[in-house]
Amino acid sequence: MHSDALERTILDVVGTDAGGIDSLAPHWLDRLRQADLIAAPRRLLALLPSRLQQGGRGDLPKRSSLLIATDQPTDLLPALHAALAQGQAVVLLASGDPLWFGIGRLLLQEFPAEQLRFHPAPTSLQLAFARIGRPWQDASWISLHGRDPEPLAAALQRRPAALAVLCDPGAGGADTVRRLLRASGLEAAYGFWICERLGHPQERVLRLAPEAPTPEDLDPLHLVLLVAEPPAAPDPAGLPLFGLEDGLWLQHPDQPGLMSKREVRIQLLADLDLPAEGVLWDLGAGVGSVGLEALRLRPALQLWAVERRAGAAALLAANAARLGVEPAGLVEGEAPAALAGLPDPDRVLIGGGGRDRAALLAAVLARLRPGGVVVIPLATVEALAELRPLLEAAGLRMQVSQLQAWRGAPLADGTRLVPLNPVLVLRGRSEPAAPPSAPPPP
């Protein structure tokens, strides 16, 4: 503990949870009784005089403290400067952690860091994850206070393991998050929790099913937790023929967003020009979204899905079972070496390859049947420049396109279009086999 002289050069900034003054530890109530100046938001100071008169340690003298209540932090600064300059003992009460979306930033702009000492209460994030009993070291967070929801849409594209959303009750609150989750096609992939008045005796924590209404009595002081979880097994007969929602697919836990988005998937299926029968290679299959949807369109196709990631075969098999389709083979290995035992393809989707994509494409072209089609979604123009010459040199008919899709996101009383990442698509078709020549006349 610092000496009393040093204490009087320090501004103690004490965080409280939703319980306010009632949640403070006894030693902080003792410190408040000694303070010459106490500053706080109005809701915190309303009960303070009566609490300070409810006793304390007998060896502590009672002080007639100056109380300043304001909800405008800048209004506090002159009084705080003056009190510290006069050597008075000053305590500032704040909400939660003053250094997390709190008054701490403003104070650090006004006072030297060595003149400030912060004593945070648990943040709303800590309390929320504690209430649902989930570790939160892997969690992300985003604030919608005074912000449009576009960053939330971008965060959902990355499929975080857990995401805390600080809601703005003046801009729709939890309903804004629900609408954006639905627009992203991820309702089935996340548990949706509403946490209200955390730390208050009347706190409430609810898990809402996708079809459940948002409570009409929702407190403005709330946040939303989105916790990733395996989506429930669908009824294959009740699914659309193709274009399944992104949230229906089981994911790789280490890279849950690594899959073709619904809008891109639909176009890739069209570009593959799927035959009724034949062999389809899905290379860098990921979760199998394109190849497995191809089987729903063309059940007689032989799908060979190749993915190098450990555990890929089991995940692909699980997604196939969810869709009610049967691939010809699921290969867990590195292409092009993993292609050796596969039958020659009529259609190939190359979704992986990385730096070895040129060697992978060369191996594919050496095996592609006459009239076959190769489709390659790409993220960069450099990859396009690298691979296009290989298709041209092999004599394939070329097609290059760019896909750009937007999804609607709630914005105030309207809808804003949020862009997905653009995708370049390189497509090549080999020449069909020459028809057999007619026999010579007798």
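The values are calculated or read from the model by the stated rules, or taken from the named source; none is laboratory data. On a predicted model such as this, the values are computed, not experimentally measured, just so you know. Heads up, the Cβs are rebuilt from the backbone with ideal geometry, glycines too, and the neighbour counts pull from every protein chain shown.
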#### Entry: Answer residue from the stretch 248-275, given it is out of contact with any Lys or Arg (no Cβ under 6 Å at 6 or more places or on another chain), charged (D, E, K, R) and outside any loop (DSSP other than H, G, I, E, B) and is farthest from Leu315 (Cα to Cα) among those
Glu263
### Summary
Here the residues within the stretch 153-180 that are within 17 Å of Ser124 (Cβ to Cβ) and either touching a residue at least 40 places away in the same chain (Cβ under 8 Å) or surrounded by 17 or more Cβ atoms within 10 Å (Cβ to Cβ) (or both) are Ala162, Leu163, Ala164, Val165, Leu166, Cys167, Pro169, Gly173, Ala174, Val177
### Query
Got at least one residue in the stretch 124-137 being buried (at least 20 other Cβ atoms within 10 Å of the Cβ), closer than 28 Å to Ala94 by Cα and aromatic (Phe, Trp, Tyr)?
yes
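Take the residues in the stretch 389-421 that are small (Gly, Ala, Ser) and in a strand (DSSP E or B); name whichever of them is nearest to Ala155 (Cα to Cα).
Ala409
Is at least one residue of the stretch 381-388 of a type in the set (A, V, I, L, M, F, W, C) and not in a helix (DSSP H, G or I)? Before you say what the answer is, go through the steps one by one.
In the first step, residues of the stretch 381-388 are kept if they are of a type in the set (A, V, I, L, M, F, W, C); the result is 381, 383-385, 387.
After this cut, where a residue has to be not in a helix (DSSP H, G or I) as well, the list is none.
So far as the stretch 381-388 goes, no, none of its residues is of a type in the set (A, V, I, L, M, F, W, C) and not in a helix (DSSP H, G or I).
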### Summary
Looking across the stretch 303-320 at residues that are surrounded by fewer than 23 Cβ atoms within 10 Å (Cβ to Cβ) and free of Cβ contacts under 8 Å to residues at least 40 places away in the same chain, the single one that is farthest from Val287 (Cα to Cα) is Ala310
### Query
What do you reckon, is Gly408 surrounded by fewer than 20 Cβ atoms within 10 Å (Cβ to Cβ) and in contact (Cβ under 8 Å) with a residue 12 or more places away in the chain?
yes
### Query
Could you list, in sequence order, the residues of the stretch 66-86 that are over 14 Å from Leu44 (Cα atoms) and either in contact with a strand residue (DSSP E or B) (Cβ under 7 Å, 6 or more places away or on another chain) or at pLDDT below 90 (or both)?
Leu66, Thr74, Asp75, Leu76, Ala79, Leu80, Ala83, Leu84
### Message
Quick check on my filter: what residues within the stretch 327-355 are out of contact with any Gly (no Cβ under 9 Å at 6 or more places or on another chain), under 25 Å from Pro253 (Cβ atoms) and of a type outside the set (A, V, I, L, M)?
### Response
Gly333, Glu334, Arg355
### Message
With touching an Asp or Glu at 6+ places or on another chain (Cβ under 9 Å), of a type in the set (A, V, I, L, M, F, W, C), under 30 Å from Ser143 (Cβ atoms) and modelled with pLDDT of 90 or more as the only criterion, which of Leu47, Leu99, Leu92 stands out?
### Response
Leu92
### Task
Those residues that are at pLDDT 95 or above and in a loop (DSSP other than H, G, I, E, B), I need them from the stretch 136-193; list them, please.
none
### Summary
Taking first residues from the stretch 217-230 that are more than 12 Å from Arg134 (Cβ to Cβ) and second residues anywhere that are hydroxyl-bearing (Ser, Thr, Tyr), the pairs with Cβ under 8 Å that are 6 or more apart or on different chains are Leu223/Ser124
